[in-house]
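The values are calculated or read from the model by the stated rules, or taken from the named source; none is laboratory data. Being a predicted model, the structure only gives us computed values, none of them experimental. Reconstructed Cβ throughout: ideal geometry from the backbone, glycine too, with neighbour counts over all protein chains shown. Keep in mind that these areas ignore ligands, DNA and RNA; they rest on the heavy atoms of the full protein, side chains included. Shrake-Rupley method; radii C 1.70, N 1.55, O 1.52, S 1.80 Å.
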Amino acid sequence: MKKFGKVGAVLVTLGALSAVALAGGPVDQQLVIDGEIEMITRTEAPDGHPLDEVISGWHYRTGETRALEADTFENPGMLFVEQGEAAWNKIEGTEGKSCASCHGDASESMAGIGAQYPKWDADSGKPINVELQINKCRTENMGAEPLPFDKGGQKELTAYIKHQSLGTPVSIDLDAGDMQSWWKKGEEVYYTRTGQLNLSCASCHEQNNGNYIRADHLSQGNINGFPTYRLKQGALVSVHNRFRGCIRDTRAEFPAAFSDELMALEVYVTWRGSGLSVETPGVRQ
Amino acid sequence: MIGRRILTASLACAATFSVAFASGTVAPDKVEIVDGALELSLTGTPGDPVEGRKTFANRKLGNCLACHAISDQKEQLFHGEVGPELDGVADRWSEAELRAIVVNSKELFSEETVMPGFYSLDVGVNVRKDLIGKTILTAQQVEDIVAYLTTIKE
């Protein structure tokens, strides 16, 4: 069942072509995970979207990288998802509870849930993402410390929860609470040029997706595969870490993880990828 | 006329910017691009095309290859395609125009261009603290790149 086109080979010859313009663009192929789960990796953009079609970052990676994601056994990110499963069942805090104590079997209780985050959180009067929801459960229900950014199994547990939505289209509720104004603020962040290089997210991911920027093939910068396994780092990368990395690359100071600025950006960028299947853990270079 | 204005500016700023920018060099906020061109050298020292070729490719300096392909640098593995190919660029632009493009391309193309200004303080928000008030390239590095670009003819 695992049949992959030869399209990837075109990209491999890049070095030899050198000055010849490539106009790479997204690869035309379908992602079917384990020969079973048909993933939506290209879809019509939602109303008001600046692009006509929303495309997963998977289409911009090499044939080998794409193949890794198509097979859960070979996907190196799955090792961390398994660690996330252990964290799900681990009792922590003064209440003697684990996530499983309240939510039971994640494959049932968490099915499709990850596709709906960020969500409006009436208690804090802000949007909340999976990482912050985990921390909310830890402090309010488990009597445990919140996990620090990217530490203590946060990426693994987030990936485990999102993986329960594998294949489910991303769909967030922008009518809830004050989500509209967070979306608006996120849009502003997206188009703000930062740093000495004076670039915005849109400079690279809206105006230039499909183009090479030196050795990197620019995608639309969607986050349906997060936390993503990055081959370069040999580790999972969280959404806010990726945002911060891209902002840093413009030679700018970057905002703190879970700051209002990055939460707004997460709301907005999630919306830009509406309708794409959750791919967690995606595999990228 | 144009040259004179820039020269005066460079002398005036030598005092104010003596720490950050060598004297005799036009400071970035004193550069005046007129009609899409910058006639006078930023430093008065002729650019070195061999150095310019290196600065063009160097990821920490020009990193021009991130966005532009150029046949003259075939030995480099990766060439970007965000901007146009630069083969024959000196047939399309004069030296003064090339200098203006590298200094601050927004003056020639549009505010919307994604090409950074390499000798400009017209930058994005929240610039990394250690880079505030600094340009991507020095005036001499710009001159070197311009000298290199003027050799790129078809």
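Regarding region A:204-219, can at least one residue be identified that is within 13 Å of chain B (Cβ to nearest Cβ), touching a Gly at 6+ places or on another chain (Cβ under 8 Å), open to solvent by 20 Å² or more (accessible area, probe 1.4 Å) and within 15 Å of residue B:124 (Cβ to Cβ)?
Yes, region A:204-219 contains at least one residue that is within 13 Å of chain B (Cβ to nearest Cβ), touching a Gly at 6+ places or on another chain (Cβ under 8 Å), open to solvent by 20 Å² or more (accessible area, probe 1.4 Å) and within 15 Å of residue B:124 (Cβ to Cβ).
Considering only region B:57-116, state which residues are of a type in the set (Val, Ile, Thr) and over 25 Å from residue B:46 (Cα atoms).
Of everything in region B:57-116, those that are of a type in the set (Val, Ile, Thr) and over 25 Å from residue B:46 (Cα atoms) turn out to be B:82, B:113, B:114.
Out of everything in region A:139-193 that is among the charged types (D, E, K, R) and not in a loop (DSSP other than H, G, I, E, B), what residue ends up being farthest from residue A:96 (Cα to Cα)?
A:188
Scan region A:115-154 for residues that are among the acidic types (Asp, Glu), open to solvent by 30 Å² or more (accessible area, probe 1.4 Å) and either in contact (Cβ under 8 Å) with a residue 24 or more places away in the chain or more than 27 Å from residue A:271 (Cβ to Cβ) (or both) and report the count.
3
Among (1) more than 14 Å from every other protein chain (Cβ to nearest Cβ); (2) among the small types (Gly, Ala, Ser); (3) open to solvent by 40 Å² or more (accessible area, probe 1.4 Å), which single condition is residue A:234 missing?
Going through the list (1) more than 14 Å from every other protein chain (Cβ to nearest Cβ); (2) among the small types (Gly, Ala, Ser); (3) open to solvent by 40 Å² or more (accessible area, probe 1.4 Å), residue A:234 breaks only (3).
Output the residues belonging to region A:40-55 that are among the hydroxyl-bearing types (Ser, Thr, Tyr) and either closer than 11 Å to residue A:206 by Cα or in a loop (DSSP other than H, G, I, E, B) (or both).
A:41
Return the residue satisfying two criteria in turn: it lies in region B:100-117 and is more than 10 Å from every other protein chain (Cβ to nearest Cβ) and part of a loop (DSSP other than H, G, I, E, B), and of such residues it is most open to solvent (accessible area, probe 1.4 Å).
The extreme case among them is B:109.
Scan region B:124-136 residue by residue and report those that are assigned to a loop (DSSP other than H, G, I, E, B) and either farther than 16 Å from residue A:189 by Cα or among the basic types (Lys, Arg) (or both). Steps first, answer last, please.
Kept after step one, since they are assigned to a loop (DSSP other than H, G, I, E, B), are these residues of region B:124-136: B:124, B:126, B:128, B:132-136.
Of everything in region B:124-136, those that are assigned to a loop (DSSP other than H, G, I, E, B) and either farther than 16 Å from residue A:189 by Cα or among the basic types (Lys, Arg) (or both) turn out to be B:128, B:132, B:133, B:134, B:135, B:136.
In region A:92-114, which residue that is assigned to a loop (DSSP other than H, G, I, E, B) and free of Cβ contacts under 8 Å to residues at least 12 places away in the same chain is nearest to residue A:159 (Cα to Cα)?
A:105
Quick check: is even one residue across region B:124-137 more than 10 Å from every other protein chain (Cβ to nearest Cβ), touching a residue at least 12 places away in the same chain (Cβ under 8 Å) and under 12 Å from the mean Cα position of the chain (by Cα)?
yes
Considering only residues that are more than 24 Å from residue A:176 (Cβ to Cβ), among the small types (Gly, Ala, Ser) and crowded, with 24+ Cβ neighbours inside 10 Å, which ones fall in region A:246-285?
Hits for region A:246-285 are A:252, A:282.
Which of (1) in a helix (DSSP H, G or I); (2) open to solvent by less than 50 Å² (accessible area, probe 1.4 Å) does residue B:51 not meet, given it meets every other one?
Status for residue B:51: all satisfied but (2).
Quickly run through region B:74-86 and pick out the residues that are within 8 Å of another protein chain (Cβ to nearest Cβ) and farther than 20 Å from residue B:113 by Cα.
Here is the first cut: in region B:74-86, the residues within 8 Å of another protein chain (Cβ to nearest Cβ) are B:74, B:76-82, B:85.
Scanning region B:74-86 gives B:74, B:76, B:77, B:78.
Sort out which residues of region B:89-123 are among the acidic types (Asp, Glu) and modelled with pLDDT of 95 or more, and write them in order of number.
Across region B:89-123, the qualifying residues are B:91, B:95, B:97.
Just for region A:81-106: of the residues that are open to solvent by 40 Å² or more (accessible area, probe 1.4 Å) and within 20 Å of the chain's Cα centre (by Cα), which one is nearest to residue A:34 (Cα to Cα)?
A:82
State all residues of region B:118-130 that are out of contact with any helix residue (DSSP H, G or I) (no Cβ under 7 Å at 6 or more places or on another chain) and either basic (Lys, Arg) or buried (at least 16 other Cβ atoms within 10 Å of the Cβ) (or both); if no residue qualifies, say none.
B:123, B:124, B:126, B:127, B:128, B:129
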